[in-house]
Structures are given as structure tokens and as C-alpha cells.
Amino acid sequence: MTEVTVTGPDMLEPEATEPDEPGPDHGPDPAPPPDSAGLPGTQSPETHPHDRSQPVPGAGPRVWLVPTPVGNLGDITLRAIEVLRGADAVACEDTRRSGALLSHLGIRKPLVRLDAHTMHRAAQVLEKHPRLAYVSDAGTPGISDPGSELVQAALEAGVPVEALPGATAFVPALVLSGLPTGRFTFEGFLPRSGRERKERLGAVASRAETSVLYESPHRLGATLRDLAGACGAGRPASVTRELSKRFEETVRGPLSELAGHFAAEVRGEIVIVVGGQDQPVAQPQPGDQRDWAQAQAAQGHSARDIRDLLIARGLRKNDAYALALQVTGAETA
């Protein structure tokens with residue numbers, strides 16, 4: 001039996017509704033026009049030739065949490081499609097992203113935006129749409145997104161809730177890491193700074209079981225350096241990004257090497273898996289430090305970054321400073 005401990009926040013960071021990497025299918029959601037009932041953020045349905053809407057089993061009001069693909073649209077389940085077709089409306093974080101998915105499935109439903117900034121309208125939405133399907137931008141609702149708040153609102157209103165099994169990012173990443181999976185803790189997103197971040201890093205460092213974290217692309221390098229500093233340079237770990245997509249990638253190795261590998265910003269959704277403190281640690285050999293530092297310099301990393309990474313790899317601060325200057329030819333780090 002796998003034991004799971006969830007310690008991270010259930011709410012996706014506010015920035016997730018205004019993503020780090022704006023693009024044609026993922027960006028701030030424009031304010032949609034009011035529907036006929038005047039509920040802000042609702043898009044009215046239109047007739048679609050392939051819409052085979054039908055009642056979903058189960059009488060009366062209900063909320064369904066519907067997992068959606070994290071990348072490959074083929075990962076949607078038949079039951080998820082059935083629920084989306086039969087619900088009164090679909091609530092979501094981003095109407096454009098969810099609208100594209102429904103269009104792909106040939107489904108036309110009212111779309112209601114319920115994200116971290118609009119979840120206060122949950123009771124009003126449930127009253128207007130008593131049989132409501134909820135989807136997040138990707139994966140299973142309620143894991144590091146506002147889905148948990150909708151569940152609370154539904155239960156307070158006496159509305160039954162069903163959670164469908166389906167796609168999620170951290171389970172495949174955990175399995176792909178090659179680290180022990182019998183017991184693990186899901187940390188979600190770390191706090192950005194301050195004492196709480198240090199405390200959470202310390203908890204990851206002292207934990208005997210595997211830890212799983214989410215991170216945004218532009219903070220990946222800094223988080224890996226912080227993890228290396230807290231857990232030790234050689235703590236085994238992995239980074240998985242772009243799950244189920246064309247450029248899916250899982251990189252495994254000591255935290256310090258991963259910090260060097262991902263020093264430059266990358267794209268995609270990120271899952272970090274960190275081994276427990278009792279798992280074997282790969283310590284870099286002293287003679288390897290110079291070659292490693294030169295390789296980092298050749299990739300264009302700054303003397304400051306190389307210095308910090310060398311410290312994370314176990315080199316003394318003064319030695320790391322001197323070596324970073326030597327391999328980069330910089331005057332200051």
C-alpha cells in the first residue's frame with residue numbers, strides 16, 4: 001500500500017491564472033460577456049453538430065471534478081467525456097483553454113470561470129448550474145488549484161461531489177524518477193521566500209521518504225539550488241517537464257547537477273522529485289569540480305551561478321568563489 005502525505009497548499013499560486021509563459025492557448029483570460037442571467041464570466045452555449053449531450057447518471061444537484069489531459073488530448077477518459085456532455089455547465093480556470101478542449105471533444109456547454117480570483121462566486125454558480133462539472137487548466141482538480149475551494153463550497157451547500165480518476169502530473173513524474181514510491185510526500189509549490197520557504201526546504205531535507213514538488217519554469221533553477229543547499233549537493237532527485245507532450249523530458253541525478261543543467265530557463269510544467277535523506281547520496285569527487293565548473297562556464301553560466309552551484313556541491317565558499325572566477329575569467333562573482 002502506498003502512503004501519501006500532502007503538505008503543500010491546495011490552492012494554485014495566483015499567478016497560475018496569469019501564466020508565466022503567455023501564449024496562444026495559455027494566458028490571462030479576457031473578461032467574457034455576461035450571459036442572459038447576468039452572471040459575470042459565463043459564456044452561453046451554441047449549437048454544435050457533434051454535441052451528443054445527455055443526462056449524467058445520478059439524480060439531483062451534483063459537482064463533478066473532471067481530470068483533463070496534462071498534455072496529450074488522448075488521455076481524456078470516456079467517463080470524463082460523458083460527464084462533460086451531461087453537466088448543466090462547465091466551470092474552469094481559463095475559459096479559452098477549456099473551451100478549446102470542449103471544442104476538440106465536440107461539446108458545447110456554458111463555461112463559467114472559477115479560478116483563484118473568482119472562486120468567491122462558487123455558491124452563486126452552484127445555484128444557477130446545480131449539476132456542475134469542474135476542470136482545471138490541466139490534470140486533476142483540487143491538486144494545487146482552486147478545486148478544493150469549490151469542494152468546500154459544494155459540501156457547505158449540501159451538494160454531493162464526485163471526483164473522477166484521471167490525469168495528473170505528479171504521479172507519472174514520481175514513477176519516472178526511479179526513486180522509492182512506497183511512501184512519499186506531495187509538497188506542491190514551495191513558498192517563494194521567507195521563513196516559511198526555509199522551513200519547507202528543511203522539512204524536505206529531513207524527510208526519510210521521497211518528496212514531490214511543483215515549480216514554475218522561471219523559478220526552477222533557483223529552487224534546485226535551494227534544495228541542493230538544504231538537502232546536500234548529492235541528494236538524488238529528478239526533474240520532469242512537458243509530460244505526455246512531444247518534448248517530454250526527465251533528467252535524473254544529484255541535486256547540484258540538476259541545478260546546473262537547469263540553470264537557464266526552460267518551458268513547460270515542472271515536477272521535481274527529491275529522494276529521502278536515507279537514500280544513497282552521490283558525492284562529487286574533488287578532482288571533478290574543476291571539470292564540472294568549466295563545463296558550466298562553457299554553457300554560458302555566470303561566475304555567481306557557478307559559485308553558488310559549487311557551494312551546493314560541497315565546496316567551501318572561498319574555494320568556490322576562486323574556482324568560479326578562474327573558469328569564467330570574471331573579476332567578481
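Which of the peptides 93-102, 142-151 is most tightly packed, and how do the rest follow, judged by the mean count of other Cβ atoms within 10 Å per residue?
Peptide ranking by packing, descending: 142-151, 93-102.
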How do TYR214, TYR134, TYR321 stack up against each other in accessible area, from largest to smallest, with a 1.4 angstrom probe?
TYR321, TYR214, TYR134
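Using +1 on the beta carbon of Lys and Arg, -1 on that of Asp and Glu, and nothing else charged, what's the dipole of segment 122-277 about the Cα centre, debye to 20? Intermediate values should be presented prior to the final figure.
Working: 17 positive and 18 negative charges, 82 e Å.
With Lys and Arg at +1 and Asp and Glu at -1, about 400 debye.
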Determine, from the Cβ-Cβ distance of LEU164 and HIS120 and an R0 of 30 Å, the FRET efficiency 1/(1 + (r/R0)^6), rounded to the nearest 0.05.
0.75
For segment 144-273, with the dipole built from +1 on Lys and Arg beta-carbon atoms and -1 on Asp and Glu ones, taken about the Cα centre, which of THR181, ALA154, ALA230 lies farthest toward the positive end?
ALA230
Could you check how much of the accessible area of segment 182-237 is carbon and sulfur, as a whole percent, using a 1.4 Å probe?
49
Farthest positive-ward along segment 83-240 dipole, Cα basis, beta-carbon charges - from SER193, GLY86, ILE107
SER193
On each of the three principal axes of the Cα atoms of segment 220-268, give max minus min coordinate, whole Å, ordered largest first.
33, 18, 12
Please state the charge dipole magnitude for segment 61-191, taken about the Cα centre, from unit charges on C-beta atoms (+1 on K and R, -1 on D and E), reported in debye and rounded to the nearest 20.
380
Probe 1.4 Å, all chains present, heavy atoms only: LYS245 accessible area in Å², nearest 10, is 80
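The values are calculated or read from the model by the stated rules, or taken from the named source; none is laboratory data. Everything numeric in this text was worked out from a predicted model, so none of it was measured. Neighbour counts run over all protein chains shown; Cβ positions are idealised from the backbone, glycine included. Heavy atoms of the whole protein, side chains included, go into the accessibility calculation; ligands, DNA and RNA do not. Shrake-Rupley method; radii C 1.70, N 1.55, O 1.52, S 1.80 Å.
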